[in-house]
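The values are calculated or read from the model by the stated rules, or taken from the named source; none is laboratory data. Keep in mind that what you see is a predicted model, and the values were worked out from it rather than measured. Heads up, the Cβs are rebuilt from the backbone with ideal geometry, glycines too, and the neighbour counts pull from every protein chain shown. Accessible surface areas use protein heavy atoms only, side chains included; no ligands, DNA or RNA. Shrake-Rupley method; radii C 1.70, N 1.55, O 1.52, S 1.80 Å.
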Amino acid sequence: SQLSGQKYRWGDMTLDAYENAIEICLALAKATNDAQYNEKAFYYAEKSRSLSLLESFQDAKAKKTSGLPIEEIEKAEELELDISDLEQEIFQLNQQKTKDQAKIDELSKERYAKIQERDAFMERLEKDYPKYYEAKYGTSFMQVADVQGLLEGNQAFLEYFVGDSGVYVFKVTPEDLEIIELGRMPNLIADVVEFRKSIYGYYLYSSDRSEQTYAKYAKEYAENAYAMYQKLVEPIGALPKKLIIIPAGPIGNMPFEPLLMKAAEDPNQFKRHAYMIKEYMISYCYSATLLREMKNRQHREVEGKYLAFAPKFGESSESVIRGERFALAPLAFNTTEVEKISEFLGFGTVLKGNEATEAAFKEKGSEYKVIHFATHGMANDRNPDYSLLAFTEIPDSIENEFLYVRDLYNMELNADMVVLSACETGLGELRKAEGVISLARGFSYAGAKSIFTTLWSVNDQATYRIVEAFYKHLKEGKPKDEALHLAKVDFIESSNNLTAHPFLWSPFILVGDMSPVEALADGFPMLYLAIGGGVLLLGLVVFGAMRMKRKKEW
């Protein structure tokens, strides 16, 4: 894998050096009152981020733009595919209860030899084709003025830097750069964990579902959501309506939308809370430089506009994942979700049931502008390359039902947007410099300009309502961040007090380019979905009636 653990570790080690550089720049800015040192501090913060992912972007672009012969590109891709196939075979063998160690050792030796061959081949390419070398390694990191050029008048860019000695926010607006020092946060990881638990604990935790239990989680959420707002957002000061947030460290595992802008008068009144989503349109990315790369991606022209997958899962179907058997429960609304969206759009290819296979995605995925997965997802924080999306299982076939992050490294998509309407697609292993290694990042690597993703296990029916409203607003030609903002606000306002709980609407976030999706909006009649009376409401009289995509701890 080009996104190797070795590169991640190197990034983590260099983070300390960048933190020292930032601190020196800030000290010089205060001592000299010279703004150029603040801009230099931003440059070092930007240079510290997601370097492996950026290198992969650059390599893919260099192969296309540097005049590299097609046979050399094909050879490089063949070597990567060979390594990927070997790694997946080793991974599958390691999951079996009775391991064939001799076979694993044999394949591991073959993998090592293939990696050596790949590395030697790439070294020769870089030597024989200097333009390729220059394009691959000539990364131009974003400066403050470059970021300002990306912003609209009512937009701010907030880049967080989490170091050992402090947390900083670089606030960039079209007119200004401001650096806010938030101080040391030694308990930030624990704070994010508790904030997340206080949201989904209300629905997922504890067999004791008494009124006291609900009241406990409601109180913990209200306190944590306001405390996190006070730590991470309030010190920044006034903000415009639209925000691009570049999280860092553990902050990458939390959404900002459910943070509370003031203390809750009654923790149990979920509909009345002062959520950030009520005031702001929020999107995310991995760095300013990667945001530029995602926005400026040049895709080849494709005919397909909308491709959707709604796999089928039986009551008794089980899959082996990391040596354990997991039941993939049926999803009551995934087929309805994609069919209604295709019907509303007036076009699209919908693969459901036995048609919704991994092989079908690999065959068709590169020919569509919007790809939508309504399925099960599962993060793997121990081996992030094997976080997965599940497809319909084909009987008597060896491992054909999972799409792993690792698979995406060898794909080339032409998608303006990938919708991951599944659980935990934004989660994965947390690396200090790289951020969270997730399925969403995998799709970004594969070519998607933007990703709709999730930060925890989601409710099937709530997902159906929010995603449907999201497409409604995209069809109207609205930017993606505005479309999701409106979908969430619609959901809260049309819910009762119970179903306005942030567990149901806040795990969905957007990453990357927020431009309108032309493939969905152009040349088609403007139709509207009946969100509310025309859509089945969440009748959660008892929590046992909920069909949850429940998280499995690995």
Within region 144-197, which residues are buried (at least 19 other Cβ atoms within 10 Å of the Cβ) and among the acidic types (Asp, Glu)? Glu159, Asp191
Residues of region 95-118 being in contact (Cβ under 8 Å) with a residue 60 or more places away in the chain, open to solvent by 60 Å² or more (accessible area, probe 1.4 Å) and within 23 Å of Val405 (Cβ to Cβ), in sequence order, are Gln96
Is there a residue in region 234-245 that is part of a helix (DSSP H, G or I), open to solvent by less than 40 Å² (accessible area, probe 1.4 Å) and either hydroxyl-bearing (Ser, Thr, Tyr) or in contact with a helix residue (DSSP H, G or I) (Cβ under 6 Å, 6 or more places away or on another chain) (or both)? no
Single match in Ala215, Ala222 (criterion: among the hydrophobic types (A, V, I, L, M, F, W, C), at pLDDT 95 or above and farther than 24 Å from Lys47 by Cα): Ala222
Which pairs have Cβ atoms under 9 Å, sit 6 or more apart or on different chains, and link a residue in region 233-254 that is free of Cβ contacts under 8 Å to residues at least 12 places away in the same chain to one that is crowded, with 22+ Cβ neighbours inside 10 Å and charged (D, E, K, R)? none
Evaluate region 408-415: report whether one residue or more is modelled with pLDDT of 75 or more, under 20 Å from Val517 (Cβ atoms), buried (at least 24 other Cβ atoms within 10 Å of the Cβ) and not aliphatic (A, V, I, L, M). no
I need the helices (runs of 4 or more DSSP H) fully contained in region 16-115, keeping only those with at least 3 residues that are modelled with pLDDT of 75 or more. 35-47, 70-95
Those residues that are part of a loop (DSSP other than H, G, I, E, B) and crowded, with 23+ Cβ neighbours inside 10 Å, I need them from region 457-492; list them, please. Ser457, Val458
Strands (runs of 3 or more DSSP E) within region 142-230 that include 1 or more residues among the acidic types (Asp, Glu) and in contact (Cβ under 8 Å) with a residue 60 or more places away in the chain: 155-162, 177-183
Taking the conditions exactly as written (in contact with a helix residue (DSSP H, G or I) (Cβ under 8 Å, 6 or more places away or on another chain), of a type outside the set (D, E, K, R) and open to solvent by less than 20 Å² (accessible area, probe 1.4 Å)), does Tyr133 satisfy them or not? no
For region 273-288, name all the residues that are surrounded by fewer than 24 Cβ atoms within 10 Å (Cβ to Cβ) and at pLDDT below 95. Ser287
The residue that is nearest to Tyr404 (Cα to Cα), considering only those in region 361-378 that are open to solvent by less than 10 Å² (accessible area, probe 1.4 Å) and in a helix (DSSP H, G or I), is Phe361
Filter result (under 15 Å from Val458 (Cβ atoms) and not in a helix (DSSP H, G or I)) within region 329-343: Ala329, Leu331, Ala332, Phe333
Val147 vs. criteria under 22 Å from the mean Cα position of the chain (by Cα) and closer than 25 Å to Asp481 by Cα: yes
